[in-house]
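**Q** Dropping the structure in here first, questions after.
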Amino acid sequence: MQAPEVLIVDDDALLRRTVVRILANQRFRIREYDNPVALLEAALAGAPRPALVVTDVVMPGLSGFSLASALRFVWPGLPMLLFSGSHTLRDGHIDGDGPVRFLSKPFSRTDLLEAIEALLQGGSTAPPRAP
């Protein structure tokens, strides 16, 4: 069985590389994007559906909430993990069905891996975690 593919979207290169490194050391294949528009363009152009998308909420050009809604139009039911240092799930809206988890920055390696595993197992929407 092929390892699940996870897409990482964050304009902060240091955080993006940290998340990529954590996941690459596990059983995941990774595609990374430094901006949400590039991922949305790839999805609309027919890129293969990933198992999960991990995205920051605050990014130039398109918020993580808007990205999640747009990706669910292309890939219905897509599991999404959003993270932010200044927002919660209550601050935005995501259209479409599918599991959603939220992590407040800073988050630990364990928090990240547990959230991803729950989403890949079909975990339902979880309440936002307190900072």
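The values are calculated or read from the model by the stated rules, or taken from the named source; none is laboratory data. In this text the structure is predicted, and so the values were computed from the model without any measurement. Don't worry about glycine lacking a Cβ; one is built from the backbone with ideal geometry, like all the others, and counts go over all protein chains shown.
**Q** Anything in segment 31-68 that is aliphatic (A, V, I, L, M), more than 22 Å from Leu119 (Cα to Cα) and at pLDDT 95 or above? List them, or say none.
**A** Val37, Ala38, Ala42, Leu44, Ala45
**Q** State all residues of segment 7-21 that are outside any loop (DSSP other than H, G, I, E, B) and touching a residue at least 24 places away in the same chain (Cβ under 8 Å); if no residue qualifies, say none.
**A** Those that are outside any loop (DSSP other than H, G, I, E, B) and touching a residue at least 24 places away in the same chain (Cβ under 8 Å): Leu7, Ile8, Val9, Leu15, Val19.
**Q** Something else: Give segment 47-81 a look and list any residue that's assigned to a loop (DSSP other than H, G, I, E, B), without any contact (Cβ under 8 Å) to a residue 40 or more places away in the chain and in contact with a helix residue (DSSP H, G or I) (Cβ under 9 Å, 6 or more places away or on another chain), or say none.
**A** Once the filter is applied, which keeps residues that are assigned to a loop (DSSP other than H, G, I, E, B), without any contact (Cβ under 8 Å) to a residue 40 or more places away in the chain and in contact with a helix residue (DSSP H, G or I) (Cβ under 9 Å, 6 or more places away or on another chain), segment 47-81 yields Ala47, Arg49, Val57, Val58, Gly61, Leu62, Ser63, Trp75, Leu78.
**Q** Still on this structure, I have one more. Determine if segment 22-38 includes at least one residue that is more than 24 Å from Ala3 (Cβ to Cβ), of a type in the set (Val, Ile, Thr) and part of a helix (DSSP H, G or I).
**A** For segment 22-38, residues more than 24 Å from Ala3 (Cβ to Cβ), of a type in the set (Val, Ile, Thr) and part of a helix (DSSP H, G or I): present.
**Q** Taking segment 86-119 only, how many residues are modelled with pLDDT of 90 or more, in a helix (DSSP H, G or I) and surrounded by fewer than 16 Cβ atoms within 10 Å (Cβ to Cβ)?
**A** 6
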